[in-house]
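Read the structure below first, then the notes.
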Amino acid sequence: MIAVIGSTGFVGTALTRQLRAAGPAEGGRPEPVRVLVRDEARARARLGGAGGERLDVVVGDMHDEAALDALLAGARAVYVLVQTVTARQPDGAGDFADAERRATELLVAAARRAGTRRLLTVGLIDARAQATNPWVRSRVAVERQLLGSGLDVTVLRPGLVAGKGGAGFDDLLTAARRPVAAIRGAGRQRWSWIALDDLVGYLVDALDEPATYGRVLDVGTVDAPTYRELVTATAAALGRPAPHVIGLPLGVLHLVAPLLERVGGHPRGGLRAALDHLADDLVGDPVPIRALLPRDLLDWDACVHAAIEQAPAVVPTH
């Protein structure tokens, strides 16, 4: 049994579908998958398999100890693919760092009770403990929590994930289709990127690879174009002229972030931290994972063409 937390998100949906379709074999057949969700009907509609075949559903969240116990019962591995920084949180969860820290504590305790030793998660490329952005610092703290838990943990760190339904990638598609494109921030930040299919491939391939245990591994491109260069490259892939790009100061967006957090039930400070992260360079070192798990990565044109051939995602998330 493979457990997935965050199965209805952008990366989690793609991973869960892949695990169900052609995931690790158990007796010659893909293993059953069990997911933790807040809304079962929505999850089944998004993930497919309304009849329940090979998809077990547990209703709850990472702050619900009973739900975590039910999720991990009999599971040999768990994927953790959640965004606490922008996800709706239960009352009393505190700011996003508090919510992430507490949820991680509960998850590790539940994994120990269940005997679930394998855990894979997705972080932020080149995240550093001394980063000025509190979200980045929080993600590093969670990684350290997990790596120090005694479980067999692997953290994969992508930059921009290129796929339909990813907020950053969808923004690029929208900007590239316009003659004049407004973007958040100056657009001078440099972003490594990886196709959604390749990130999911790495997550599946790493599951039973002991060489990835206890490792934090960057994934994606060696080159890191600026956001403006990605807009131009996307327009070229679409066969369109490059738009005139206008950068919107992040300070203006900061003014409305607290209101959006209150209305949406997001953890305090999360949206502002996420906005600030848009100005960060996303540059890492993907060479080590290429040696461990070789694969041919999709290029940018292939990502764009795949996206425009797909139907719109049901619930776009970051």
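Annotation: VAL108 fulfils all but one of (1) open to solvent by 30 Å² or more (accessible area, probe 1.4 Å); (2) at pLDDT 90 or above; the unmet one is (1). Determine, yes or no, whether ALA273 is at pLDDT 95 or above and over 26 Å from ALA43 (Cβ atoms). The answer is no for ALA273.
Looking at the range 128-145, can you tell me whether even one residue there is basic (Lys, Arg), over 23 Å from ALA66 (Cα atoms) and not in a helix (DSSP H, G or I)? There is at least one residue in the range 128-145 that is basic (Lys, Arg), over 23 Å from ALA66 (Cα atoms) and not in a helix (DSSP H, G or I). Looking at the structure I just gave you, is LEU120 closer than 24 Å to GLY168 by Cβ, open to solvent by less than 10 Å² (accessible area, probe 1.4 Å) and either hydrophobic (A, V, I, L, M, F, W, C) or at pLDDT 85 or above (or both)? Against the criterion (closer than 24 Å to GLY168 by Cβ, open to solvent by less than 10 Å² (accessible area, probe 1.4 Å) and either hydrophobic (A, V, I, L, M, F, W, C) or at pLDDT 85 or above (or both)), LEU120 qualifies. If you go through the range 1-45 and keep only what is among the hydrophobic types (A, V, I, L, M, F, W, C), closer than 16 Å to ASP208 by Cβ and at pLDDT below 90, you end up with ALA22, ALA25. When LEU172 is tested against (1) part of a helix (DSSP H, G or I); (2) open to solvent by less than 10 Å² (accessible area, probe 1.4 Å); (3) farther than 24 Å from TRP193 by Cβ, exactly one condition is not met: (3). Scanning the range 242-262 for residues that are over 25 Å from GLU229 (Cα atoms) and either out of contact with any helix residue (DSSP H, G or I) (no Cβ under 6 Å at 6 or more places or on another chain) or at pLDDT 70 or above (or both) yields LEU255, VAL256, PRO258, LEU259, ARG262.
Residues in the range 130-163 that are modelled with pLDDT under 90 and either small (Gly, Ala, Ser) or in contact with a helix residue (DSSP H, G or I) (Cβ under 6 Å, 6 or more places away or on another chain) (or both) were compared, and the one that is most open to solvent (accessible area, probe 1.4 Å) is PRO134. Taking the range 175-217 as the range and being buried (at least 16 other Cβ atoms within 10 Å of the Cβ), in a helix (DSSP H, G or I) and hydrophobic (A, V, I, L, M, F, W, C) as the test, the residues that pass are ALA175, ALA176, LEU196, LEU199, VAL200, LEU203, VAL204, ALA206. Any residue that is on the phi < 0 side of the Ramachandran plot, modelled with pLDDT under 95 and of a type in the set (Ser, Thr, Tyr) - is there at least one of those in the range 73-87? Yes, there is a match, as at least one residue in the range 73-87 is on the phi < 0 side of the Ramachandran plot, modelled with pLDDT under 95 and of a type in the set (Ser, Thr, Tyr).
The values are calculated or read from the model by the stated rules, or taken from the named source; none is laboratory data. Nothing here was measured: the structure is a model prediction, and the numbers come from that model. With ideal geometry, Cβ positions are generated from the backbone for all residues, glycine too; neighbour counts draw on all protein chains shown. Just so you know, the surface numbers come from the protein's heavy atoms only, side chains and all, with ligands and any DNA or RNA stripped out. Shrake-Rupley method; radii C 1.70, N 1.55, O 1.52, S 1.80 Å.
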